[in-house]
Every structure is written in C-alpha cells, then in structure tokens.
Amino acid sequence: MVKFLKLFNFIQKVSIFFFILIIIFINQHKSYAEYPCNRDCSKNINGCDYDNVRSCYYIGGVGYRCRADACISQTDCICDPYYIQGWKLLKQADQWITITPVNNLTISVNRVGGGYNATKNDNPYYFQGPTPTPGVEGQYNYNVGVDNLSGASVAYIACYNKEQCTITPTPGNLVTTNSNKADSENYSGGNHYVSIRWHYTPQIAKCSNISGPLSILLGDTVTYRANFNNDASNLTGASMFYTTDFANCSSKTEIPNPTPSFSGPNTYSF
C-alpha cells in the first residue's frame, strides 16, 4: 500500500510537471505575436538585438534571419508577404466616392530602412513585390503616403486583413504599416493585406457679417464687406462674385481683386 501511494504521488508530480510544460509551451507560442517578424541578419548573431529578437538562424531556402526567442521553430518567424491596397475617396453630399480629382493623386510606398519604393496613381490601388511575389516582403514595415488635395483635409483608415473597419479616420497623409498586424490581425486565410482608405473632405468657405447697401443705382460706387472663415490650412485666397439673376446662381461675374492675403485657419475680412 505504501509503495502504491509513493507511485501515485510520483505519477501525480510527473503529470503536474508535464502540464506546466504544456502551459509554458502554449504561452510561448502565443507570445510570438508580440514580436516583429524576422529580418536579414547576414550571419551576424549580434545583429538581431532589437525588441527581444536576439537570435540569428539559417532557414533552408530563405537564408539567415533574426528570430524571436519566443518562436517555437525557425519557420514560426517567417511573415508572409502582404498587399498594400486601398482607395482614395472624396466626400460629396455626405457620400464617399471615387472621382476626379482624387483618382489621380499619387500614392507612394517606401520600406522602413530602405530597399523598396514605388508610386501609383490608380484608384483603387495595390502594391506588391517583384512578380510572382503576392505582396511586399512581410517582415518589414512600410511608409505609405498620399498627395494633399488643395482645399480639402485628408485622413486615413488602415485595416489589416479586412476591407473596412468601423473606426474614426486619423488625420494625416502618411501612415506606417505594422508587419505583425499584417501577418495575424483578423487573418482567416488567403492573402495577407492592409487596406488603407484615404478620406478627403472639402473645406467649404464660410462667409459671415456681410454688410453693404441693399439697393443701388447703376453707376453707384459701393463697398461691401464680409468675414471669411478659413477652415483649411492650405487655402490662401477667396473670391467675390455678383449676379443679377437670383434664379441662376451659375450666372455670375467675379469682382476683381477683392481677396486679402492670408494663410492658415482664421477669420479674415475683405
């Protein structure tokens, strides 16, 4: 009976030990998502000391790569290529549409650290590496930028392995991709990609405090004043028009040289 109890205690301790090892194994495997994908290390075992990635390994058919300590095998640290794709959209009547002039704006992609750069004017657009690579190299981050549009603000939404995300657009015309997110976030199979939608919102001129005579005779010299509220930092001028056809506002005549010099968001008088 005593021998049986000792054997039972031994088996119990061994079982607990292996259970703990399994938990450690699983936790290490899951923790890979916290680390960046591998990168070239050119046989330099000390060339990988960044963000807890310290080991340089040879991967057959691939070459020498840095590998996170948390990776279970050499191939765990290979990130698949991913597409960089998206749309340029202009807001009109509360709708986001693809239309001139945003269609021809230039999108640029530059790999962080150098080695890849490309530009396109397509809408929609997508970038990939040399054929037949299905996307840019997956172990790198990329700076993605877009041209500004005069008279409009620009913001972006970046979604990983999803066409659209329900998030608030971030102001700006430059975003840096995240290789870890491209490799795993929302991924359920197929090609990896980051979808970046650029939202252009026209900045509408707003006039207020308009003053001047309500009725005039032909030949009178008159003065009209107004405040112009400039919402966009890239607008630098305003124009004044008059019309005698209130039913057809497209029939108007520009008043020459009414515009003051200004720049930046503020209120200006003219």
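Counted residue by residue at 0.36 nm each, then reduced by the alpha carbon distance between them, the extension gain from Asn117 to Leu214 reaches 29.0 nm. Between amide H atoms placed 1.01 Å from N, distances below 5 Å from Val112 occur with Asn141, Tyr142, Asn143, all of them 5 or more places distant or on a separate chain. Summarising the strand pairing of segment 82-202, around 75 percent of its internal DSSP beta bridges are antiparallel. Between the amide H of Tyr83 and those of Val136, His192, Tyr193, Val194, distances stay under 5 Å, these residues lying 5 or more places away or on another chain, with hydrogens modeled in the peptide plane.
Where the only charges are on Cβ atoms (+1 Lys, Arg; -1 Asp, Glu), what is the dipole of segment 82-202 about its Cα centre, to the nearest 20 debye?
Values: 7 positive and 7 negative charges, 20 e Å.
Roughly 100 debye for segment 82-202.
Sort 145-155, 87-97, 213-223, 164-174 by packing, meaning the average of other beta carbons within 10 Å per residue, with the highest value first.
Taking the mean over residues of other Cβ atoms within 10 Å, the ranking is 145-155, 87-97, 164-174, 213-223.
Among the GluC sites (Glu not before Pro) in segment 125-195, those located in a DSSP loop and surrounded by at most 15 other Cβ atoms within 10 Å of their own Cβ are Glu163, Glu185.
All of the numbers you see were taken from the coordinates with simple rules; none came from a lab. Keep in mind that this is a model prediction, so the values were computed, not measured. Ideal geometry is used to build each Cβ from the backbone, glycine not excepted, and the neighbour counts take in all protein chains shown.
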